[in-house]
1. Quickly estimate the mean residue ellipticity at 222 nm for the chain, helices only: each DSSP H run with n ≥ 4 gives -39500 (n - 2.57), and the total goes over all residues, rounded to 500.
2. Quick check on the exposure proxy: order CYS37, CYS27 from fewest to most C-beta atoms within 10 angstrom.
3. Within a 10 angstrom radius of the beta carbon, how do HIS70, HIS87 rank from fewest other beta carbons to most?
4. Cα centroids of the range 31-55 and the range 70-104: how far apart, whole angstrom?
5. How far apart, in nm, are two points set 7 Å out from the Cα along the Cα-to-Cβ line at SER86 and at LYS49?
6. What distance in nm separates the two pseudo spin-label positions at SER4 and LEU113, each 7 Å out from Cα along the beta-carbon direction?
7. Would you mind ranking TYR94, TYR122 by Cβ crowding within 10 Å, fewest neighbours first?
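Bear in mind that the values in this text are calculations on the coordinates, not laboratory data. This one's a predicted model, so the numbers in the text were calculated from it and none came from an experiment. Neighbour counts run over all protein chains shown; Cβ positions are idealised from the backbone, glycine included.
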Amino acid sequence: MNSSDLRKTIFKHIKENAKEKGNWIDCVNGFSDHAHCLISLNKDMSISKTVQLIKGESSNWINKNNLIKHKFKWQDDYWAVSVSESHIAKVRKYIYNQEEHHRVKPFREEVELFMKRYGWVYIKGS
């Protein structure tokens, strides 16, 4: 399975599993070093709990099914921003076009640009 097909398999599983648990992921996609999810939060779930469930279950599923040669683990941190309903179509397009987008601009460079543009700072957990 090539890396693009592997990502599609994993992202499909993430979306389906979230739905089974009452969490709505509108779309999910990514590139070799990250994933983006457009999520409508369950009223009883915090952002951190939702991310914990997505990452924990999916890494367990990846390892249980031996989808990669080494043990898979997501990084500890995540980045969450709210999206105005008027921007959802644009965000979906951005998420669905990750492979094409990151052929031009590396993810790290993009993160730094967002941080600078919007005056955001990294918040480290305790």
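1. Numbers: 5 runs with 64 residues, N = 126.
The helix contribution divided over the chain gives -16000 deg cm²/dmol.
2. Working: CYS37 21, CYS27 17.
Ordered by Cβ neighbours within 10 Å, fewest first: CYS27, CYS37.
3. HIS70, HIS87
4. When both Cα centres are located, 11 Å separates them.
5. Between SER86 and LYS49, the simple spin-label model gives 3.2 nm.
6. Modelled inter-label distance: 2.2 nm.
7. Working: TYR94 15, TYR122 8.
Ascending number of Cβ neighbours within 10 Å: TYR122, TYR94.
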